1. Normalised by the empirical 2.2 N^0.38 Å for globular proteins, what value does the Cα Rg of chain A take?
2. Mind pulling the angle between the C-alpha long axis of helix A:46-55 and the longest principal axis of chain A? Nearest 10 degrees, somewhere in 0 to 90.
3. If I build a Gaussian network model for chain B, linking alpha-carbon pairs within less than 10 angstrom, which residue out of B:N255, B:N34, B:N279 has the largest mean-square fluctuation?
4. Ignoring ligands, DNA and RNA, what percent of the accessible area of chain A is carbon or sulfur (1.4 Å)?
5. Please return the longest stretch of chain B lacking exposed loop sites, where chymotrypsin sites (Phe, Trp or Tyr not before Pro) count only if DSSP places them in a loop and at most 14 other Cβ atoms lie within 10 Å.
6. For chain C, which whole-number percentage of the solvent-accessible area (1.4 Å probe, protein heavy atoms only) is attributable to carbon and sulfur atoms?
7. Give me the 1.4 Å probe accessible area per residue for the protein assembly as shown, excluding ligands and nucleic acids, in Å².
8. For chain A, what does -39500 (n - 2.57) per DSSP helix run (n ≥ 4), summed and divided by total residues, give at 222 nm, in deg cm²/dmol to the nearest 500?
Amino acid sequence: MGRYVLRRLLQLIPVFIGTTFLIFFLVWAVPGDPFTGMCGERPCPPQFVAAMTDKYNLNDNVVVQYLKYMGALLTGDFGQTYAEQEISELIGNAAPVSLRLAVVAVAIEAVIGVTAGILTGLRGRGFVDNLVLVSTLFLIAIPTFVIGFVIQIVLGFELEILTPTVSSEATWGELIIPGFVLGSLSMAYVSRLTRTSIAENLRADYMRTALAKGQPKRRIVGVHLLRNSAIPVITFLGTDIGNLMAGAIVTEGIFGIHGIGRLVYDGILEKQGAIVTGVVVLLVLVFLLVNLFIDLMYAVIDPRIRYD
Amino acid sequence: MLDEPGALTDAPLLEVEDLFVEFRTRDGVAKVLNGVSYHVAAGETLAVLGESGSGKSVTAQAIMGILDMPPAHLTGGEIRYHGEDLLVASEERRNEVRAEGIAMIFQDALSALNPVYTVGFQIEEQLRVRLGMSRKDARARAVELLDLVRIPNAARRVRQYPHEFSGGMRQRAMIAMSLALDPEVLIADEPTTALDVTVQAQIMDLLKEIQVERKMGLILITHDLGVVAEVADRIAVMYAGRIVEHADAVSLYRNPGHPYTAALLESLPRLDQKGATLNTIKGLPPSLLAIPPGCPFHPRCFMAQDKCSTDAPGDHGLGFGRTSKCHFAEELVSRV
Amino acid sequence: MTDPSTGVTGTDAAAYVTAPEHQESGPGKPRSLGADAWRDLRRRPMFLVAGGIVVLLVVIAIFPSWFTSADPNHKDLDFFRQPPSGDAWFGYDGQGRDVYARVIYGTRWTLLVGIAASVLTVLLGGILGILAGFFGRWVDALMSRIGEIFFGLPFVLGAIVILNLVRNAEIRGALPIVFAVVASIAVLQWPVAMRIMRSAAITAKQQDYVKAARALGASSSRIIFKHMLPNCLAPVLVYGTIALGAFISAEATLSFLGIGLRDPAVSWGVMMSDSKTYLRVAPHMLLFPAGFLAVTVLAFVMLGDAIREALDPKLR
């Protein structure tokens, strides 16, 4: 098992380098002046350009730029914004908020999604089943931002049940509704996936054996069925965490959450390349590590997969 | 209750009488079982022989009470265990009988065993849940059972998962699991079909040994005539949801009383015969949605006459408890 | 954005490949999986309804003038933000334009992006996937690594970066803008299609009919095109149909963020983005295009679902 982890970590490295370099390239190396619009309507003064060029190593070729940048990152130096703020500080403030939001989203989608999936998977055709199928279809069909807006308007502005935007502290309680919105699409998938998994496993041979053994029905479902059905669902939930951290851009925008999604978005629009690359590197790292973790977890849940 | 003193040891343990089962599907009603009757006594082996679709597995599942109803519907018959009709018993009672009175093992042990739990866990849950044994005792007993079915290194094996066993050992493990509650009847549904020939022989020997030791009734379901020959006391041949012939093993092989049985025996390749082609039975079994009138075998029968397409044959007694559902059974039997 | 293929294609791609072809027991030719599926589909209400909606939408996209006589670009500030009424079923937007007309004319851009993006993704991913599956070894390793690199990049982020570049390049004209959005979606999503096709191709390669063709001396390209491809199409087809819906939704999100389509390629996503500022006072500006979008995405997802059930070998 240890060797497998090591091997996977080594495999991670080229992928990590590939993805981060790709972004770096897109942000810094594509032709065009990276400083357009920074100095207002007029072109920037030459000393400014010279200073920036030097600071960001723009005269070196892309690979060298990249290496210097990554080197700096490893020492914790994410660079500064054009307004001289430490990017590492900005990220440090924004990341925990996004993380909390993602955790809330996964928790909600897991609880509601799995419960709905189990109920409908066990019961089969019926009112509840159709209800769940239809509502998940809607969640899949309507873009997240529309759901977010509708909820914000209805619950926040019209009925005034909740504050429509999230404060800068972004406590757990405030993040419940945005978390629900963020996870809504995935919740639909989780419930369908659970339902399918349960329905398929109900027909499995080992279920028939358990019946023939005269085991109590409740135990057959709770012990034999659930463990097998959980496998694909847990895998999906795990990979979703990574997706959510990045995909939160829209939700953070609607609810005014100061997370890294917002940070990146603003960074792109303001052409603060360093912010973009900094956040992306972090996100990619998280994503890859989470995937590795899920793979290892998989081996724990499913004994057929054991890595030597 | 389950082993009452004074019960006659040669009275049938388990009797299926006139069982009718239908499957109602979108495409129509499939008549899967059409008056199936057989029985098995303690210490006896009954082989139920037939092609896929003949209804042999469905009968077994009906006995165990694990048929999916719907789409299956039981439209007639009785299943008597120690004289008690299980079909009118409560679900609670039926569950009591499962694995404790009548146990069943299946064809593909890899899919029949739960892949995410150890073999030990799956044996022990029978002991713990149904007998209330403690974990320690259950573990010890599980190791004993694995030993009994001759799995080497039982103490280590008990902690392993099904996919870590070879095919033959897995089947042994499933047999061990079925014996956990000391059942009186064991139904083995194609236990060796998925195994290599040499392993097949070992498993059959094991089953026979266990049966003799425990004086169990063994119902062996198979399509393989070769497997049956050494082990069976009596053989029931099934076709289109009916028992078309019922005889003791020796007589069946020597002197088949039904054209279907005869054709099956003919189609076995033999070392002492040289020929250009293998014999086969022309055609396919009838669709159970539309069984032809008269004798269901008549479209493929080498002896068919006009009568066969209109009159369904009943049981013709051939002496010594032999029966055959063929109008010309007596003639067939007296052929040399 | 969560990728739609996982969890929707409940059956492993490989299962489609190994399923035995349906045999008719009785007189008549044996029917292929495809012909069987078509017969099955024709009987399903879900397929008929979803298919009907899609056909209707395509007609609207090609002939918008059949459905409205109003000019979608005509501004009349007298009607600024008017709610729906007898004259204008969907009301007017922030610049006094007829919302219904804009929705009708917007159909073509929305559909164009969805269809083009999914076709391109399936083509790109499919070709690479079948090559990876067939040739194996270093080709497969290379493709898979490259795919992983793109997988590590979250969709919205990657799209923002790419499309921001495009915006800086100041592209004008409807079709180039559409192309940019379509290309960015395809570039980021092809690994999903590749994985599905690769999985099917690997299974297909191990089937007896491929080995037999090899033994008979068939060339690689013949094996790929004549033997493997027809059997690998099913899972990719299912994915493509469902992805179509997902991509339409993605375009709306990108337009909402301001980096997707824009004038003159006015899709429903653009309309929804425009409605942001007036949301509380004129919700109809959001609701109608959103409603159309939801129905469209639903139609494609249901279509894909129906096709998957018809082709799913496990349900036979």
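1. Numbers: Rg = 23.9 Å, N = 308, 2.2 N^0.38 = 19.4 Å.
That ratio works out to 1.23.
2. 50 degrees
3. B:N279
4. Values: 9340 of 14110 Å².
Carbon with sulfur: 66 percent of the solvent-accessible area.
5. Working: sites that count: B:F302, B:F320.
Here the longest segment lacking exposed loop sites spans B:1-301.
6. Details: 8710 of 13810 Å².
The nonpolar share, carbon plus sulfur, comes to 63 percent.
7. Working: 43360 Å² over 960 residues.
Per residue, the protein assembly as shown has an accessible area of 45 Å².
8. -23000 deg cm²/dmol
The values are calculated or read from the model by the stated rules, or taken from the named source; none is laboratory data. As the structure is a prediction and not an experimental result, all values here were calculated from the model. Cβ coordinates were reconstructed from backbone atoms using ideal geometry, including for glycine residues, and neighbour counts include every protein chain displayed. Side chains are part of the model used for accessible areas, which takes the heavy atoms of the whole protein and leaves out ligands, DNA and RNA. Shrake-Rupley method; radii C 1.70, N 1.55, O 1.52, S 1.80 Å.
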